[in-house]
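First comes the structure, then the notes that go with it.
Coordinate-derived values only; no laboratory data. Please read all numbers here as calculations on a predicted model, not as lab measurements. Cβ atoms come from the backbone with ideal geometry, glycine included; neighbour counts cover every protein chain shown.
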């Protein structure tokens with residue numbers, strides 16, 4: 001007797017991949033533009049089709065079962081292949097626009113390759129990118145002006161986006177002689193920038209006197225001031241340039257910043273596709289949730 005073949009539903013696989021990557025049904029639902037019960041039902045249907053439990057729902061966050069871990073890389077390939085086929089054949093469902101936001105430093109370092117690859121894979125989706133502070137991006141999300149944004153945030157729970165990675169922060173300067181200056185000259189962005197908040201809090205808690213020697217909303221402006229020797233600044237460790245030194249002693253340790261991906265309520269379609277690409281490309285190692 002010939003066994004009946006089951007055709008897997010791409011929508012169910014996409015829901016599974018999104019839940020697996022976010023570790024949370026609510027966050028996945030936001031990225032997919034669906035309700036949490038609808039996503040939960042999709043996962044149940046996929047588990048019924050495969051006759052295997054794919055997710056362990058017993059903890060605060062969702063984790064993969066052995067069967068789910070086996071399925072995940074295969075499901076990713078199928079979803080990506082589906083999207084590539086539809087893009088190649090010019091399917092109308094892949095038309096639209098994604099209004100994406102990110103702070104300038106994240107956009108400069110992490111996004112060009114991701115957005116370029118997405119634009120080539122989905123040429124009928126228009127990308128509009130805004131660089132701004134986290135507070136402004138969240139305001140634009142709430143007003144429907146941005147669909148999706150990478151933001152800097154305090155380490156919090158799932159109520160503010162999907163955690164992508166933690167960003168170690170370091171003190172940088174032209175040379176270490178700046179540590180002999182009192183009050184310490186500080187180069188920062190205007191409030192409410194989180195790196196500024198980290199710097200001021202760390203110095204105040206350590207009893208280090210300081211003054212704001214240079215304030216600029218532009219990363220390029222801050223880098224120019226650092227290279228001119230005007231003071232000490234704070235940068236993500238991965239962004240510290242070779243012509244500046246990292247001050248590993250003499251100043252208090254900085255708390256990490258956390259990077260999260262936030263979607264506007266109800267955002268789906270092209271926005272969900274880009275969200276999945278960003279998560280796959282940027283989610284880092286075992287520390288990521």
How tilted is helix 10-22 with respect to the longest principal axis of the chain? Cα atoms for both, answer in degrees (0 to 90, nearest 10). 30
Quick one: if the Förster radius is 41 Å, what FRET efficiency do residue 52 and residue 117 give, using the C-beta to C-beta distance and rounding to 0.05? 0.80
In nm, to one decimal, how far is the modelled label at residue 280 from the one at residue 124, with both set 7 Å along Cα→Cβ? 2.0
With a ≥ b ≥ c the root eigenvalues of the C-alpha gyration tensor of the stretch 169-255, is it rounded (a/c under 1.5), prolate (a/b larger than b/c) or oblate? rounded
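Multiply the residue separation of residue 153 and residue 224 by 0.36 nm, subtract the distance between their alpha-carbon atoms, and state the gained length in nm to one decimal.
Values: separation 71, 0.36 × 71 = 25.56 nm, distance 2.57 nm.
Between residue 153 and residue 224, full extension yields an extra 23.0 nm.
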Per the helix-only calculation at 222 nm, which mean residue ellipticity applies to the chain, given -39500 (n - 2.57) for every DSSP H run of n ≥ 4 and division by its residues, nearest 500 deg cm²/dmol? -13000 deg cm²/dmol
May I ask for the Kirkwood hydrodynamic radius of the chain, worked out over all distinct Cα pairs and given in angstroms to one decimal? 20.9
Could you give the nm distance between label points at residue 139 and residue 180, where each point is 7 Å from its Cα heading toward the beta carbon? 4.4
Acute angle (nearest 10 degrees) that the helix 270-282 long axis makes with the longest principal axis of the chain, alpha-carbon atoms: 60
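Of the peptides 112-123, 214-225, 56-67, how do they stack up when ordered by the mean number of other Cβ atoms within 10 Å, highest first? Before the final figure, lay out the partial values.
Numbers: 112-123: 14.4, 214-225: 16.1, 56-67: 12.7.
By packing density, highest mean first, the sequence is 214-225, 112-123, 56-67.
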Residue 77 paired with residue 245, simple spin-label distance in nm, labels 7 Å along Cα-to-beta-carbon: 5.1
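Looking at the stretch 1-89, I'd like the Rg to Rh ratio, where Rg is from alpha-carbon atoms and Rh is Kirkwood's inverse mean 1/r. Don't jump to the answer; show the numbers that get you there.
Working: Rg = 13.4 Å, Rh = 13.5 Å.
That ratio equals 0.99.
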Equivalent-ellipsoid semi-axes (√(5λ), Cα gyration tensor) for the stretch 108-177, whole Å, largest first? 27, 19, 13
For the chain: relative contact order, % (alpha-carbon pairs under 8 angstrom, 6 or more apart): 24
